[in-house]
Every structure is written in C-alpha cells, then in structure tokens.
Amino acid sequence: MQNILICDDEKDIVSALTIYLQAEGYGTVPAYNGREALQLLREREIHLVLLDVMMPEMDGIAALARIRQESNVPVILLTAKSEDTDKVLGLNIGADDYVTKPFNPVELIARVRSQLRRYLQLGGGAAQESTMKLGAIELDDKRKIVTRDGEPVSLTPREYDILKFLLQHPGEVFSPGELYRRVWGEEPFGAESTVAVHIRHLREKLEITPAQPRYIKAVWGQGYKLEN
Amino acid sequence: MNKLKGSLAAKIVAIVLLAASCLALTGAVAGIAWLDSWGAYRGKNTQEIRTRLIDEKLMNSSFQILAELSGLRSVRDVGAECFVRFELLDEDSRVLAGNLNEDETVLHSQILVVSAVDGGLYFNGEDKPLTSAGILNRVSSSEAGQGVESDPEEPQPTSPPIRADEAGAEDSEALPPSITPRPKLASDTELTIPEGTKVCYMRLYWTSENESENISSELWFYEQLFPWRYELIAAAVVSFVLAVLLFVFLMGAAGHHDASGEVKASFVEKIPADLLLLVCLAGIGGCFAAINEIFSGNYLVTSLTVTAFCLLGAGLFLLLWLMSAAVRLKLGTFLKSCLVWRVLAWCWKWIKAGFGLLKGVPLVAKWIPLFLVLLLADLILTMNVRNHEALMAFVKLIEWAVLGAAILYLVLCFQRLRDGAKAIAAGEEHVVIDEKYMLGDIREHAEDLMHIRNGLSRAVDERMKSERLRTELITNVSHDIKTPLTSIVNYVDLLAREETENEKTKEYVEVLQRQSARLKKLTDDLVEASKASTGNLPVSMERLELGVLLDQTAGEYGEKLTEKNLELRVTKPDEPVYVQADPRHLWRILDNLLNNVLKYAQPGTRVYLDLTREGGGAALSFRNISAQPLNIRPEELTERFVRGDSARSTEGSGLGLAIASSLAKLQGIDMALAVDGDLFKVILRFDAAE
C-alpha cells in the first residue's frame, strides 16, 4: 500500500482528503503543521506528501525546503494563493505539482495518481526508439498508442497526428493555419478553427485540468505549442 | 566659579586690576616705543644715545640758539636747559672776548672762522665790521644755506668758509682748561680785535649750569629706562595677558548677581543700549576733552596724574557699556533694548498694519487710486519742468525706468504663476511655485495655487491608498474564504457520493454543489476584478495576430455555443491583423465576453464576431441577442456586480464585464458597449501595432 502524508492545519480538509484517498486504496498519514509532517516523514514510509502552504508554526514552503534536504518524495502543494509568483516559488523550491484551493477532489486524486506512478515507476520502462515522451505523456508510434502516466488514452487519428507533430517539435509555436498545413497537408481556406477544436479535444483527453493545461498550451493570438 | 562671578567684591577687584594693568600696558608700550625710537633694541649704548640726543636737540633748536646769540644773553630752556655762549679767539687760541661763565659746563662747542682786519672783525670778506648781531646773521644764513659743513675744496685764505665741528667732545677737549677772565660783551657792539691779528676764530658754546644737572629730561629718562628695556617687554606682555583675562572675566561675570549662575538684568539694563552708549561716549569725550585742556595748558608734569585719572574715567565708561552690552547679549535683549530698534519696530508695525488694511481691499480699488496718483504726479512734474528740456527728458527717463521695472516684475511673477498653474493642471505632483520676491496679492495667489496643488496631491494619494487597501482586503478575505470553501466543496462532494434513496437529499446536495462552485468562481473573480481595476496586475505587451486569436476562440467556444443552440459567425479580413496586447489578458477579455454570450444570449440566435481594420488599428465586435430585455444603460453594465435584472438568479458573478473593461483599460484597448433593443454589442478597438 502506498502511504500519503496529508498536511494541513484545517482538520476538516485533512479528514475529507483521508476519505477520498482511502476510497482509492491509499494509506494516509495526517499531520497538522510542517514540523509534524517532517517528523512523520522520518518515522514512516511515505510515498507522497500533500502539503498546505499557509500553516502555523512552520509553513508549507519552509517545510518543503526541509523535506527536499532529506528526500525526493513527490510533494503536491495545496494553496489558497493562486498568484503565479507563488506557484513559481513552490515549484522552484522543489514541489512536483500544485493544486489551488478550493480544489476539485477528482482533480486532486488524478494528480496524486500521476505523481505516484512516476515516482514509483521511475526508470521502469526504458524509452524505445519509436516512443516520444514529454512529461507524463508518451506516444508509441509503432503501436499507435498514447499514454498519460502509463494509462492509455484513446485519440482520433487526427488528434494523434497533431500530438505526434507537436511532440516532434516541442516548445515551438504553430499557428492554426500552419498546423493545418503541416498535419492535414492542405491549405486551410478558413478551416483554422477546426484545428482549435481538435486541440481542445486533445487537451481534454490529456490534461488533468483542461482549463489550466500543463502540456498543450495556447499562445493566444499566435498559436499552440507543446511544452512541459 | 559661579560664586566668583556673582561676587561684587571680585568684580571691583577685577576692575581695579584691569585699570592698573591697562595703565601698566600703556606705560610699557609707550616706553618700549620710545626706547625703540632711540635704537635701544638695536644695540646702541647710552653714550651714543647721549651724543645723538644732544646733537638733535641742538640742531632742532638752532633758531633759539641764534636768538640767544643775537642778544648775547642766556635764555633758559633752549630745548634742554642749556645756555649758549661764545668766545672770540686769535690764531694762538687766546681768548679775545666772550661771555662764557666759569661755573658752567660746556656740553658742546662749534668753531666758526672769521677774519680780523685792522682791528675790526669781518666775515667772508665783507667790508663792514661784525657786530654781535652780524655774527648771528652769518651763522643763520650759513645754516640755512650751504650747510654747516661747507665744501673744503675751495679754501679762501682771506675769508675761509665757516667750519662746523660736530664732535662736541673733541672740541671740548681742545679747549683750554680754564679761560679767565672773560670780557663781557654788550649787545650790538662792534667787536674790536687787537692790532695785527689776522685770523681769529669764534667758538660757540652750549653750556649747562653745572655738571650734575642733566642736559635733558629725556636723556635722563632714557638712562633710567635703558637697563630695564627687556623687563619692559615682559611687563607689557604680562599686563596685556592680565588685562585680556580680566576683561574676559568681567564680560563673563556681567549680569551674575549671585552664585546661582543665572543672568539677571540690573537697573543699568533698563536704559536703552544706544542711549547708554551715548552717555558713555559723552563721558569718554569729556575725559579726553579734559586731557586736551591739560596738555594745551602746559601744566605737563603736575597734570600727569590728572590725565591718568581722566583716562581711567574714560576706560570705566567704556567698560560699563561693554559689560551692560554683554548682559544684554546673554539675555538676548540687545537689539530689543536699543531705542533705535524700538522706534524702527514700532514704525514697521504701523507700516504692516497699513498693508494689512489694504489686504481686504479689492484689487481694482487698490490699483486705480495708485494709477491716479501716478498720473497726477506725472502731470505736476511735467508742468513744472516743461521749460527745461534736458531735465524733462531725464525725469521721463527715470519715470519710464521705474515703470518698466514694475511692469517687468509683474510680468515675471505672472509668468511664474502661469507655469505653476499649468503644471498643476497637467497633474504634476511636485510643482513648486517660487514665492521668493513675490509681494502682496501675487504672493497670496501663489500660495493659493500651492494649496490647490497640496489638496490635489493629497486627494490623489488618499485615493491610491484606499484603492490599494481595498485590493489587499479583497485578496486577503478571498484567501480566507477559500479554506472553508475547500471543506464545503469536498464534503458536499462526499455527500453526493453517499448512496441514498432519498430523492430530496440528492436534489439538495445538487443545489449545494452548484452553489459552492459558484461561490468558488465568485471569490476568484472578485480578486481578479479588484486587481484589474486598480491596475495591480503585470502587463506584458506582445505583438499578436487577431485572426489567429479569433480562430482559437472559435475553437474553444464553438461547440459550447452549438450546445446552447447558438450559431457563431466569424468574419475577418484575409490578411493578418497585428496588434499590441497582453495575450493572456486579452484572452481573458474574450473568455469573459463569450461566457456572457453563453449565459445571456437568446438560444436559437446568431452570435457575430467581426474583425475589421479601422484606421491603422483594428476593431473587434461581438454582437448577440439578449435573452432578457436589457433595461440598463451600457455604462452601468461594466460596473461591478451589475447584471441584467432577471439574470440575478442565474450563474455568474456579475464581474465578467467589469473585469473585461478593466483589463482592456490596462492594455490601452478601448472597450465600448452598446445596447440597441435586445442587441447587445461590444466593440474592442486596438491601436495599430508598430
């Protein structure tokens, strides 16, 4: 069983999370401040930490910095602050992911699963030549299979082509017209918005929260790019 | 020290000592100066000084000597209490005639050569025999003319030049030890010379009555003083230092009347300082007048003490005033205690009061009389000097110079006021109008302008501060709301997962879920709205293509609109349209607008999204038909929490348009709303991208 340390000063949130995670079959360890979390992390075998940022005694950022001195257990920050700077700070200090309060339980569980899979299967499957990988997304061109965190995702052939093209050019921005030309192999003639629709579908299938995509990003007024 | 300062006895002692040391200093300095003028400090011995002193005395008093000769009588006080005698000698130094007294001591002698012919005495080849008066004339003219030492290169055997011998001592030695008896000569008698005598000499003597008496008081004084010449310097220095110390002490002690160290005014300080100064100066003047009187009256020696007392009196007057001034300075009342100051202050008060009276008077009432007076003055002047053209021109020149200066001054002041007002109008925060050299009404005006500026900047500051505080408050509160909201969302979700047969429970939980989701959205929107409206958001402008953005938007919203039975019609120019905007903020605007369309548009209608070029820039318009009548002015729609009336109960925070318009403003995009019946229209106008 995989143990998850839940650290939040709000007891109700801890118990709600306990209920959700236990229902998914994870073991949970509650902690109510940063100091306690650090203590428990040393005593128990912990596979993932859910860490609130704003806590008394020792806040989440400080606790995270201490955790990172000792272990590289995955840490997901729970934060009421949704400002970009706070997210950047958390990620820079060593968080693996973050969820802003008030969070959707389903989303949180999806992120927990994703992090755990990566943490525990680290180096498990050696990448083959025909596979393209970006973050949690893997595309096996031989078998025509796309997985996210090892879970297969079913895509339409056009979606598959777009993803493959973007995986071949990570970080590059393509306008809808350009994408249409490169993927469809034809001139768009006003069909650019079809590309946008496909991209949105791709996002809905591959992203945990499509509204805040981690991989398939829209560069408004310019186009789309695939980025980790 | 305070005790010493406060003691009257100490002050009196100090004053006495000060007087003494001042006298000593004066004496010492006078002595040093006098000694130095005789070369006492340049290594001259008393003997040299003596010789020199006598010589000088004699030379200076030659007229008196000659006066003596003329009468051939002795007069006292020829400079240095000496007598003048003469003798006539033949070639063998035999005395022929003379009036030298035996009991007199010869101080100095001088030989003149005269020729004796036929029993008469002739001078310089003249044919008239000499009388005693003639000798006088000779000596006088030789001294005034060629000088006592004549040219020795032109000897005249019959009438040798007058030879003067300055070395008195040598001549004295050359004298026969005693010459007796000496025939007395009457005044203006012809001198008879024994037959056969060719040349004879005349020897002039300066004698004193006896040896013990001194030639002059000066020499005596010098001889007394000479051994003390270095001690005198020391005495001068010591008395100077002492005088300074005592003076400083007295100045410091002035005003202290007891040991408390407090400075108090005495009755002297009640007298105005300048009045006291006058009195003291009068006293000093009186003292000096007395001294002057004494000296002119020739009672020299007897009056020295009186002089000293007079000087002391003058010094005491001076000291009195200085001490009183010191007290006033310490109390800080020096200027105020001056009569002149009081009079001036009084005058100034009245002048100011006069100006104060003018203050309330309106400008026109103030200036018109002034101009009338000027006009009148000009008229009178012109009438009076009209006949003198040059004077007239001069008067006019002066008049115009004064007028011109006044006008220039006014113009310069006005310029400053205008610049200041302009800057204030432009909203510059740190405008300062220089009030230097401004007078009266102009100054008042400048001050008023500065007050306006201060009020303005204060208002702006307060506004900024309250806006910032509000943003902070909203941000903090929504953060605090988020934590309990998390619990609510989670437990409502858990509730929904519970198996229940009760339909009502399911329905209620659904409501809870929907409303908690709305609350969540509301808190997020609230933070964003307050940040956007106060400009508390970073904006990074980029060049982007609106056509692409429209495609992306259509892609994002196309299906959702279709679900709501809305048809999206997008039109755009063929060529790309580039603008400057922050992509994320612009997307947020479109996102909000399309969400509004989703919420409020009448199903079954078309939604138009048109991109057109406008001037150098671009315009993006949204048009849709509202499901509810829009009984509201478009301006009100962008205010926070305003929605179409009946939309209250539906989803949405009412912040969408407010956020959109704030974000548009941040990026410099003009966002206009228009309502035409049920047609709702939003137009975004972009400037051209460079």
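Listed residues A:VAL146, A:VAL112, A:VAL106, A:VAL99; which is of a type in the set (Val, Ile, Thr) and not assigned by TED's automatic domain parsing to the domain that holds A:ARG66?
Residue meeting the stated conditions: A:VAL146.
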Exercise for review: Hand me the list of strands (runs of 3 or more DSSP E) wholly inside the range A:1-82 holding 2 or more residues that are closer than 30 Å to B:VAL527 by Cα.
Suggested key: A:3-7, A:48-52, A:75-79
Review point. How do the pairs read when you match residues in the range A:214-225 that are over 16 Å from A:THR194 (Cβ atoms) and at pLDDT 85 or above with residues anywhere that are basic (Lys, Arg) and in a loop (DSSP other than H, G, I, E, B), using Cβ under 9 Å and keeping only pairs 6 or more apart or on different chains?
Key: none
Practice item. Give the number of residues within the range B:590-621 that are facing chain A (nearest Cβ under 10 Å) and surrounded by 21 or more Cβ atoms within 10 Å (Cβ to Cβ). Key: 1
Exercise for review: Mind counting the residues in the range B:574-591 that are in a loop (DSSP other than H, G, I, E, B) and hydrophobic (A, V, I, L, M, F, W, C)?
Suggested key: 1
**Study point:** Filtered residues of the range B:456-484 (kept if farther than 25 Å from B:SER533 by Cβ and away from chain A (no Cβ under 14 Å))
**Key:** none
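Say whether the condition of being modelled with pLDDT under 85, farther than 13 Å from A:TRP220 by Cβ, part of a helix (DSSP H, G or I) and within 10 Å of another protein chain (Cβ to nearest Cβ) is met by at least one residue in the range B:528-538.
Start the filter on the range B:528-538 by keeping residues that are modelled with pLDDT under 85, which leaves B:528-538.
After this cut, where a residue has to be farther than 13 Å from A:TRP220 by Cβ as well, the list is B:528-538.
Then drop every residue that is not part of a helix (DSSP H, G or I), which leaves B:528-533.
Add one more test, that the residue is within 10 Å of another protein chain (Cβ to nearest Cβ), and what stays is B:528, B:531.
Yes, the range B:528-538 contains at least one residue that is modelled with pLDDT under 85, farther than 13 Å from A:TRP220 by Cβ, part of a helix (DSSP H, G or I) and within 10 Å of another protein chain (Cβ to nearest Cβ).
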Practice item. Report the residue count in the range A:3-22 for those that are touching a helix residue (DSSP H, G or I) at 6+ places or on another chain (Cβ under 8 Å) and surrounded by fewer than 18 Cβ atoms within 10 Å (Cβ to Cβ). Key: 2
Check your understanding: Within the set of pairs 6+ apart or on separate chains, which have a first residue in the range B:517-546 that is surrounded by fewer than 16 Cβ atoms within 10 Å (Cβ to Cβ), a second that is hydrophobic (A, V, I, L, M, F, W, C) and part of a loop (DSSP other than H, G, I, E, B), and C-beta atoms under 6 Å apart?
Key -> B:ARG543/B:ALA689
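Those residues that are outside any helix (DSSP H, G or I) and among the charged types (D, E, K, R), I need them from the range B:232-276; list them, please.
Quick first cut of the range B:232-276, residues outside any helix (DSSP H, G or I) only: B:254-266, B:271-272.
B:ASP258, B:GLU262, B:LYS264, listed by residue number.
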Check your understanding: If you go through the range B:313-354, how many residues are assigned to a helix (DSSP H, G or I) and surrounded by 14 or more Cβ atoms within 10 Å (Cβ to Cβ)?
Key -> 22
Point to revise | Within the range B:355-365, tally of residues that are exposed (fewer than 10 other Cβ atoms within 10 Å of the Cβ) and touching a residue at least 60 places away in the same chain (Cβ under 8 Å) | key: 1
Check your understanding: Taking the range A:29-45 as the region of interest, how many residues are under 21 Å from A:ARG113 (Cα atoms) and surrounded by fewer than 18 Cβ atoms within 10 Å (Cβ to Cβ)?
Key -> 3
Check your understanding: Do you know which residues across the range B:358-383 are small (Gly, Ala, Ser) and either part of a helix (DSSP H, G or I) or over 37 Å from the mean Cα position of the chain (by Cα) (or both)?
Key -> B:ALA365, B:ALA377
Review point. What is the one condition in (1) over 20 Å from B:ASP610 (Cβ atoms); (2) basic (Lys, Arg); (3) more than 9 Å from every other protein chain (Cβ to nearest Cβ) that B:ARG543 does not satisfy?
Key: (3)
Practice item. Give the residues of the range A:207-228 that are over 14 Å from A:ASP161 (Cα atoms), more than 14 Å from chain B (Cβ to nearest Cβ) and not basic (Lys, Arg), sorted by residue number. Key: A:ILE208, A:TYR215, A:GLU227, A:ASN228
Check your understanding: If we scan the range B:432-454, do we find a residue that is of a type in the set (Asp, Glu), within 14 Å of another protein chain (Cβ to nearest Cβ) and farther than 19 Å from B:SER516 by Cα?
Key -> no
Practice item. Kindly indicate which of A:GLU192, A:GLU187, A:GLU204 is at pLDDT 85 or above and either within 14 Å of chain B (Cβ to nearest Cβ) or surrounded by 13 or more Cβ atoms within 10 Å (Cβ to Cβ) (or both). Key: A:GLU204
Exercise for review: Tell me which of these A:GLU45 doesn't satisfy, since it passes every other one: (1) without any contact (Cβ under 8 Å) to a residue 40 or more places away in the chain; (2) more than 30 Å from B:ALA496 (Cα to Cα).
Suggested key: (1)
Exercise for review: For residues that are charged (D, E, K, R) and away from chain B (no Cβ under 14 Å), tally how many sit in the range A:1-39.
Suggested key: 2
Exercise for review: Determine, yes or no, whether A:TYR180 is surrounded by 19 or more Cβ atoms within 10 Å (Cβ to Cβ), of a type outside the set (A, V, I, L, M, F, W, C) and touching a Pro at 6+ places or on another chain (Cβ under 7 Å).
Suggested key: yes
Check your understanding: Failed condition for B:THR307, given (1) modelled with pLDDT of 85 or more; (2) surrounded by 14 or more Cβ atoms within 10 Å (Cβ to Cβ), with all others met?
Key -> (1)
Check your understanding: Limited to the range B:539-573, what total is found for residues that are outside any helix (DSSP H, G or I), within 16 Å of B:ILE589 (Cα to Cα) and among the aliphatic types (A, V, I, L, M)?
Key -> 3
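The values are calculated or read from the model by the stated rules, or taken from the named source; none is laboratory data. This structure is a prediction, so every number in the text was calculated from the model and none was measured. Cβ: placed from backbone, ideal geometry, glycine included. Neighbour counts: every protein chain shown.
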